[in-house]
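Here's the structure we're looking at; comments come further down.
The values are calculated or read from the model by the stated rules, or taken from the named source; none is laboratory data. Computed from a prediction, not measured in an experiment: that's the story for all the values here. Cβ coordinates were reconstructed from backbone atoms using ideal geometry, including for glycine residues, and neighbour counts include every protein chain displayed. For the accessible areas, the whole protein counts, side chains as well, though only heavy atoms, and no ligand, DNA or RNA atoms are used. Shrake-Rupley method; radii C 1.70, N 1.55, O 1.52, S 1.80 Å.
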Amino acid sequence: MMLARRLLTGNGAAAWAARLAQVDYIPAFPITPQTEIIETLSRWIDNGEIPGKLVTLESEHSMITAAGAAAATGVRVFTATSSQGLLYGMEMLYTVAGWRVPFVLINVSRALASPVTLEPDHNDVLAARDSGFLQIHCATCQEVLDITLMAYRLSEDARVRLPAIVNEDGFYLSFTREPVYIPDADEVKDFIGEFDSENMQFRASAPTSQAVAVLGGSPYSYFRYESHLAAENARIVFDEICDEFEQRFGRKYGALESYHVDDADYVIFMVGCFATKAKAAVDSLRKAGWKIGLLRPRLLRPFPGEKISQLLAGKKGVAVIDQNLSMGKGGILHCELASVLYGNKDAPPVLMSFIGGLGGRDISQEEFFEIAKQLKQASETNEIPAPRLLYTVDELRQIHKLQAIAHVERAILNRDHQNPDSHE
C-alpha cells in the first residue's frame with residue numbers, strides 16, 4: 001500500500017526516511033544545505049507527529065560523538081551534515097566506525113573551502129571513504145528515501161554492524177522537488193524491523209565497559225581486519241536487502257545502476273545526480289547509432305569491484321567522470337576503477353578520465369557528447385589523452401568575456417532608462 005506521491009526535496013525525502021524508520025535519537029547541528037532535514041524533523045517532534053528526541057549539539061564533532069554513543073546504548077540513531085561539517089567531525093567518523101555501532105548519517109554533498117562555495121561536488125564525502133563507514137550514493141529524491149531505509153537494514157545487520165553514510169548532492173537534489181512515493185509506515189516497520197542491539201546496551205545503574213581504548217599492534221591489526229570483513233559482508237547483505245525491497249515496494253535497486261551497458265561498446269562511469277543527465281545523453285547518442293551506456297555505482301563502500309569488472313568486460317572504452325579532484329593525482333573514481341580493472345584480460349583497453357561538476361558547475365549535454373566522441377576516437381587510435389578538467393582556461397576567458405558584454409549592456413540599459421531622450 002502506498003501513500004499518494006508527494007513533491008519532496010531530497011532533504012524532505014531524507015527526513016521522511018528517518019520518520020518512517022522510527023528513529024529514537026537525532027543529534028544535530030545545522031549547516032547549509034542540510035539544515036532543512038533537521039528543521040523538518042524538529043517540527044514533527046514539536047508537533048507530536050513523531051516520537052524521539054532531537055538535540056542540537058555545539059558542533060559536528062560532538063554530534064557524531066553523540067550519535068555513536070547513543071547507538072552504543074541500543075537505540076536507533078539518525079543524523080545529517082554537509083561539507084565542512086563532515087570534515088569537522090572526521091576524527092569521530094573513524095572513532096565511531098571502530099566502535100562498530102550501526103546508525104545512518106545523511107551527507108548533503110557540498111564543495112570544500114577554500115574558496116568557499118555553497119554548491120556541490122563529492123570531495124567532502126569521498127574524504128570519508130576510508131573511515132569504516134559504509135557509503136551509498138543517490139541520484140534522485142526517491143532514492144534518498146528508499147536508500148536511507150535500506151541503509152538501516154544494512155547497518156544493523158548482524159553480519160555488518162557498521163555506520164552508513166547516505167549521500168545526496170547539495171541543491172541539485174537537496175532543494176529540488178521531485179514526485180516521491182512514501183511507503184506505508186506499517187510496511188516500512190515490517191521491512192526494517194526493530195533494532196536488535198544484541199549485546200550493545202548501557203545502564204547507568206550497572207555500567208559495563210564494552211571495549212578497550214588502546215590495543216597493541218597484533219590485536220589492533222586483527223580488529224581492523226574484522227571491520228574490513230564486515231564491510232565486505234555488506235556487499236552480499238545489500239543485494240539481499242535490495243531484492244526484498246523490490247518484492248515489497250516494487251522499486252528495483254542494486255549496488256550498481258547499469259543503463260544500456262549490456263550491448264554497449266563504450267561506457268560512462270560516474271556517481272551522483274549528474275548521472276541522470278548522462279542517461280539523457282546516452283539516449284540521444286543511442287538514437288544517433290552509438291552503442292554507449294552508463295554504469296553508476298550506488299554502493300561505493302564496500303566497492304562492488306567484481307560486478308563492475310564483469311559488466312565492463314569486453315568493452316572498447318570507459319570514460320570516468322569524477323565530480324571530485326584529488327590534488328596532485330586526479331579523479332578518485334578513476335583511480336578506484338583502474339585498480340579494479342588492472343590485470344583483467346577482458347578489461348577495456350581504454351580508460352579515460354574527466355573531472356567536472358566541481359563546485360556545482362553544470363555538465364552540459366554537449367560535454368557528454370564530446371566525452372563520447374573522445375572516447376570513441378581514443379579506442380580507434382589507441383591513443384589515450386591525459387585526464388581533462390571540464391573547465392579550461394579558454395572557457396573561463398569566454399565566461400569573463402560574456403560577463404563583460406553583459407555588464408556593458410546593463411550599463412547602456414540603465415543609461416537609457418535614466419535619460420529617455422538619449423539616442424546614442
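Among the residues of region 177-194, some residue qualifies, meaning at least one is at pLDDT below 95 and within 19 Å of THR73 (Cβ to Cβ). Here ASP262 passes the criteria (1) open to solvent by less than 80 Å² (accessible area, probe 1.4 Å); (2) modelled with pLDDT of 95 or more except the one numbered (1). Check whether at least one residue in region 386-393 is of a type in the set (Val, Ile, Thr) and farther than 19 Å from ASP169 by Cα, and report yes or no. So far as region 386-393 goes, yes, one or more of its residues are of a type in the set (Val, Ile, Thr) and farther than 19 Å from ASP169 by Cα. Reported count of residues in region 235-264, each being under 16 Å from THR140 (Cβ atoms), assigned to a helix (DSSP H, G or I) and touching a Pro at 6+ places or on another chain (Cβ under 9 Å), is 1.
Please find, among ARG251, ARG203, ARG224, the residue that is open to solvent by 30 Å² or more (accessible area, probe 1.4 Å), out of contact with any strand residue (DSSP E or B) (no Cβ under 8 Å at 6 or more places or on another chain), under 23 Å from PRO304 (Cβ atoms) and at pLDDT below 95. On inspection, the qualifying residue turns out to be ARG224. Taking the condition among the basic types (Lys, Arg) and either surrounded by fewer than 16 Cβ atoms within 10 Å (Cβ to Cβ) or not assigned by TED's automatic domain parsing to the domain that holds SER174 (or both), does ARG5 pass? In short, yes. Only a single criterion out of (1) out of contact with any Leu (no Cβ under 7 Å at 6 or more places or on another chain); (2) open to solvent by less than 60 Å² (accessible area, probe 1.4 Å) is not satisfied by ALA230, namely (1).
Of the strands (runs of 3 or more DSSP E) contained entirely in region 286-374, those carrying at least 1 residues that are touching an Asp or Glu at 6+ places or on another chain (Cβ under 6 Å) and crowded, with 20+ Cβ neighbours inside 10 Å fall at 292-297, 350-355.
Okay, residues lined up against (1) free of Cβ contacts under 8 Å to residues at least 12 places away in the same chain; (2) open to solvent by 30 Å² or more (accessible area, probe 1.4 Å):
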| site | (1), (2) |
| --- | --- |
| ASN11 | no, no |
| ALA14 | no, no |
| GLN22 | no, yes |
| ILE31 | no, no |
| GLU36 | no, yes |
| ASP46 | yes, yes |
| GLU58 | no, yes |
| HIS61 | no, yes |
| ILE64 | no, no |
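Considering the conditions (1) free of Cβ contacts under 8 Å to residues at least 40 places away in the same chain; (2) assigned to a strand (DSSP E or B); (3) in contact with a Leu (Cβ under 9 Å, 6 or more places away or on another chain), ILE26 is excluded by exactly one of them, (1).
Say whether the condition of being closer than 14 Å to ILE371 by Cβ and among the acidic types (Asp, Glu) is met by at least one residue in region 281-289.
no
Within region 84-140, how many residues turn out to be of a type in the set (Asp, Glu), surrounded by fewer than 24 Cβ atoms within 10 Å (Cβ to Cβ), over 22 Å from GLU232 (Cβ atoms) and free of Cβ contacts under 8 Å to residues at least 60 places away in the same chain?
Number satisfying all stated conditions: 1.
Please verify whether GLU232 is more than 21 Å from ARG301 (Cβ to Cβ), of a type in the set (D, E, K, R) and not in a loop (DSSP other than H, G, I, E, B), treating the condition exactly as stated. When the stated conditions are applied, GLU232 does not pass them. Put simply, of LEU134, LEU118 the only residue that is closer than 19 Å to PHE29 by Cβ and assigned by TED's automatic domain parsing to the domain that holds TYR25 is LEU118. Taken over region 173-200, the criterion of being exposed (fewer than 12 other Cβ atoms within 10 Å of the Cβ) and under 29 Å from THR95 (Cα atoms) is satisfied by GLY193, GLU194, ASP196, GLU198, ASN199. Would you be able to say whether some residue in region 145-164 is more than 13 Å from the chain's Cα centre (by Cα), open to solvent by less than 20 Å² (accessible area, probe 1.4 Å) and of a type in the set (Val, Ile, Thr)? For region 145-164, residues more than 13 Å from the chain's Cα centre (by Cα), open to solvent by less than 20 Å² (accessible area, probe 1.4 Å) and of a type in the set (Val, Ile, Thr): present.
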